[in-house]
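This report refers to the structure that appears directly beneath it.
The values are calculated or read from the model by the stated rules, or taken from the named source; none is laboratory data. Quick caveat: nothing in here was measured; it's all calculated off a predicted structure. Glycine also receives a Cβ, built like all others from the backbone with ideal geometry; neighbour counts cover every protein chain displayed. Areas reflect the complete protein model, heavy atoms only, side chains present, ligands, DNA and RNA absent. Shrake-Rupley method; radii C 1.70, N 1.55, O 1.52, S 1.80 Å.
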Amino acid sequence: MHIDHIGIAVKNIDEAVKTYEKILNTKCTKREVVESEKVDTAFFQTGESKVELLGGTAPDSVINTYIEKRGEGIHHVAFEVDDIEAELARLKSEGFTLLNESPKDGADNKLVAFLHPKENHGVLVELCQSKK
Ligand code: ZN
């Protein structure tokens, strides 16, 4: 397992891309809208891991709901796993609350699933697996 990316919720993704291009002194490597989630994403490669900026594409997007409640900032930490189905089954048996019983399509050609922050000391954890 390694950290695949850190997800950051932002109000204005175009502005945030410019900011992170300055911070990281590198260009955004990928922009992608995930229609099913009403989320616009922008990725920056930072060594082995990435930064994922997340902006809502509609007022009822989970990202906009999140920002209304908690403001902009770190939204989730994503760990890459080899077998997401097996990891979900393992974590469920350990008593973790799965927000997704089975993996769904995410950005960046990944299958993704989330664990509820309540058992993770307040951190929304994403598991992801590259699609073969
Ligand atoms: Zn993510």
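Cross-link partners of Lys30 among lysines, defined as those whose alpha carbon lies under 26 angstrom from its own and excluding same-chain residues fewer than eight positions apart: Lys11, Lys18, Lys22, Lys38, Lys50, Lys104, Lys110, Lys131, Lys132. Reachable aspartates and glutamates from Lys118, Cα under 18 Å, same-chain residues fewer than 8 places away excluded? Candidates past the 8-residue exclusion: Glu94, Glu101, Glu126. Each peptide in 68-75, 12-19 was scored by the mean count of other Cβ atoms within 10 Å over its residues; highest first, the order is 12-19, 68-75. What a 1.4 Å probe finds exposed on the stretch 1-109 is 49% carbon and sulfur by accessible area, rounded to a whole percent.
Charged side chains reduced to their Cβ positions (Lys and Arg at +1, Asp and Glu at -1) give the chain a dipole of some 280 debye around its Cα centre. Highest average first, the peptides 96-103, 21-28, 122-129 ordered by how many other beta carbon atoms sit within 10 Å of their residues are 122-129, 96-103, 21-28. Both radii were evaluated on the Cα set of the chain; the Rg over Rh quotient, with Rh as the Kirkwood radius, amounts to 0.96. Looking at the chain, the accessible area is 56 square angstrom per residue; that uses a 1.4 Å probe and ignores ligands, DNA and RNA.
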